[in-house]
Amino acid sequence: MIQMFHVYKAYPGDPPVLSDINLHVQKGEFVFLTGPSGAGKTTLMKLIFCGEKATKGQILVGGRNIARIRESAIPYLRRNIGVVFQDFKLLPHRTVEDNVAFALDVLGVPRAVARERVQRMLKLVGLQHKASSMPLKLSGGEQQRVVIARALVNDPTILLADEPTGNLDPALTLEIMDLLMDVNARGTTVMVATHDHSLITRYQKRTLRLENGFIVSDEDGVKAARRMAAG
Amino acid sequence: MSVFAKTAYFWRSAASGLRHAPFIHFVAVTTIAIAIFSAGLAQATGRMVEALIGSLGGEVQVTVYLSPELDEEGAAVLRERMVALSGGRANLVPPRAALERLATELGDLGEALAQLPENPLPPSLELEVPQERRTPGALKALAQQLRAMPGVTGVDYGEEAVERLSAISKALRYGGWVAFAVVLLATVVIVSATLQLAIYARRGEIEIQKLVGATDRFVKAPFLIEGFLQGLLGAGVALAGLLAFERLAGPGLASLFSFLVGPGGMVPLLEPRIALELLAAGCGLGLGGSFIAVGRFLRV
């Protein structure tokens, strides 16, 4: 589903943010991306949804080489990728329902159809009773669930979550992670960037560790969990 | 995917943009309204000046001086040729009639003319040319043709006055265009700047749109509609202002300028065709300003 071959990313005058990244994520896989702050986790995710362009190397997403993608084709790629951020990126003056429907407006989905899909998605994330609430009246966990609903309402094949629990307390963190696991169980490929080791230990999923722009380890869930537990 | 749903979204989004940044849009609408109001006034003034020049042009008379040796029959032949050439009317003024007219014009001094041993005035033809030939160019060409006729010794049509009037008209017209271009440019810049502020205020929304797969055109369309609506509103306000101005100041201006244009000679400030043109100009201004704003600022 996601493949990277000798990918580099550097900004002029700075050392490379990512160096010689080689990666293969299968369809329907769940992958943790971990590493210290500044290791390149966010940049790697941005490369996948064309938020940044690789300086060198090839990136295949769903079999398509996005290293050479035309600017005008990027929106169509993004419609297959859901993105979740630590800072939610919700529209504060729109209701929960409108925030989720926002992703369908872009596709020109008629209002009635969109409303039905939004309701279904809000039910999936357990927020059907908050459809007409404003985002700022929700808890952090609820806001993040709205973001996940928005990311999933287009039925994307890939879900990228960059520190999705970074602003949440431990109980809400588990709530969100369980939701991401459910999404993955439905067949969506999920990549979660986190520096929270307890999540890796708890969920035991494939873990890629980035340090100074290099992938320094790529372990299956059990091995990664053991290593995290050992400290 | 539905084009109708997308179009509905664009209009909803544009209306919401107008509602959420009322001050920014108020500035743009007011600027467009002032520009269109000024353009409407300038347009009416221009038409008024044209009408004035047209009425003054009616005073233009071509006098053709004939050779004193020309007999009455020869003068009559020339008169026929000139009527055919100019398409107007010609009146033959014999030397004696010309002298009497001069004596009348000179009043008491006219008596001195009686002391002259012989009449120095030549016979002449007074030519009244039709309206369409009263332009400086056409008059000049006609005068050249008349001068070339045998038996004609001179042609006078107040060349200097006609050309001066024409120059004033031209200067007013070009001055009006330059002033309009300056106002137009300033308006486009202001409208574009206000829309850039509106775009900046909604950068969060734009970022999310891009993340969920919106194309550039999708992001830009509501802002272009906002510009169009600003133009429509601005032009509407300007037209209302022009109507009010005509109602309030029209009678006063008509009496003020009646000595120039005559009673009922004032041109109406707004005609349906001009109102439509001004409305279209307003929409064009709004659309142009927003087009520049999204082009420069919305590199998404």
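Determine if the range A:123-134 includes at least one residue that is within 14 Å of chain B (Cβ to nearest Cβ) and either buried (at least 19 other Cβ atoms within 10 Å of the Cβ) or among the aliphatic types (A, V, I, L, M) (or both). No, the range A:123-134 has no match at all. Within the range A:55-70, take every residue that is surrounded by 15 or more Cβ atoms within 10 Å (Cβ to Cβ) and within 20 Å of the chain's Cα centre (by Cα) and give me the one that is farthest from residue A:19 (Cα to Cα). So the residue we want is A:62.
Close contacts from the range B:82-98, counting a first residue that is touching a residue at least 24 places away in the same chain (Cβ under 8 Å) and under 7 Å from residue B:125 (Cβ atoms) and a second that is of a type in the set (D, E, K, R) and assigned to a loop (DSSP other than H, G, I, E, B), with Cβ to Cβ under 6 Å and a gap of 6+ residues or different chains, come to none at all. Residues in the range B:164-187: is at least one more than 14 Å from every other protein chain (Cβ to nearest Cβ), buried (at least 19 other Cβ atoms within 10 Å of the Cβ), among the β-branched types (Val, Ile, Thr) and closer than 16 Å to residue B:20 by Cβ? No, every residue in the range B:164-187 fails to be more than 14 Å from every other protein chain (Cβ to nearest Cβ), buried (at least 19 other Cβ atoms within 10 Å of the Cβ), among the β-branched types (Val, Ile, Thr) and closer than 16 Å to residue B:20 by Cβ. Taken together, the criteria place residue A:137 among residues that are charged (D, E, K, R), surrounded by fewer than 17 Cβ atoms within 10 Å (Cβ to Cβ) and farther than 25 Å from residue A:49 by Cβ.
Whether a residue is of a type in the set (A, V, I, L, M, F, W, C), touching a residue at least 40 places away in the same chain (Cβ under 8 Å) and outside the structural domain of residue A:197 (by TED's automatic domain parsing) was assessed, and residue A:149 passes this test. How many residues does the range B:129-160 contain that are exposed (fewer than 13 other Cβ atoms within 10 Å of the Cβ) and in contact (Cβ under 8 Å) with a residue 60 or more places away in the chain? Selection size over the range B:129-160: 2. Has the range A:159-167 got any residue that is under 27 Å from residue B:5 (Cα atoms) and modelled with pLDDT of 90 or more? There is at least one residue in the range A:159-167 that is under 27 Å from residue B:5 (Cα atoms) and modelled with pLDDT of 90 or more.
Yes/no matrix, rows are residues, columns are (1) farther than 27 Å from residue A:152 by Cβ; (2) outside the structural domain of residue B:16 (by TED's automatic domain parsing); (3) not small (Gly, Ala, Ser):
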| residue | (1), (2), (3) |
| --- | --- |
| B:200 | yes, no, yes |
| B:208 | no, no, yes |
| B:211 | no, no, yes |
| B:214 | no, no, no |
| B:217 | no, no, yes |
| B:224 | yes, no, yes |
| B:227 | yes, no, no |
| B:234 | yes, no, no |
| B:238 | yes, no, no |
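Among the residues making up the range B:205-235, those that are more than 14 Å from chain A (Cβ to nearest Cβ) and touching a residue at least 60 places away in the same chain (Cβ under 8 Å) are B:223, B:224, B:225, B:226, B:227, B:228, B:229, B:230, B:231, B:233, B:234, B:235. State which residue is nearest to residue B:206 (Cα to Cα) when the search covers only the range B:235-248 and only residues that are modelled with pLDDT of 90 or more and aliphatic (A, V, I, L, M). It comes out as B:235. When the helices (runs of 4 or more DSSP H) confined to the range B:1-120 are screened for residues that are surrounded by fewer than 18 Cβ atoms within 10 Å (Cβ to Cβ) and touching a Lys or Arg at 6+ places or on another chain (Cβ under 6 Å), none reaches at least 2 such residues.
Residue count for the range A:143-162 under the criterion of being more than 16 Å from residue A:117 (Cβ to Cβ) and surrounded by fewer than 19 Cβ atoms within 10 Å (Cβ to Cβ): the result is 1. Considering the range A:108-122, and only residues there that are more than 11 Å from residue A:149 (Cβ to Cβ) and among the β-branched types (Val, Ile, Thr), the residue that is nearest to the other protein chains (Cβ to nearest Cβ) turns out to be A:109.
Residue under question is residue B:232, and the condition is that it be among the hydrophobic types (A, V, I, L, M, F, W, C), at pLDDT 90 or above and crowded, with 21+ Cβ neighbours inside 10 Å; does it hold? So residue B:232 fails the test.
Taking the listed residues B:47, B:101, the one that is in contact (Cβ under 8 Å) with a residue 12 or more places away in the chain and more than 14 Å from chain A (Cβ to nearest Cβ) is B:47, with no other qualifying.
Remark: pairs (first residue in the range A:78-107, facing chain B (nearest Cβ under 7 Å); second residue among the acidic types (Asp, Glu) and surrounded by 18 or more Cβ atoms within 10 Å (Cβ to Cβ); Cβ separation under 7 Å; 6+ apart in sequence or on different chains) = A:91/B:205. Within the range A:201-213, residues that are under 13 Å from residue A:43 (Cα atoms) and in contact (Cβ under 8 Å) with a residue 12 or more places away in the chain have Cβ atoms under 9 Å from residues that are in a strand (DSSP E or B) and among the aromatic types (Phe, Trp, Tyr) in these pairs: A:213/A:8, counting only partners at least 6 apart in sequence or on another chain.
The values are calculated or read from the model by the stated rules, or taken from the named source; none is laboratory data. Quick caveat, the model's predicted, so the values are computed rather than measured. So basically every Cβ, Gly included, is an ideal-geometry build from the backbone, and we count neighbours across all protein chains shown.
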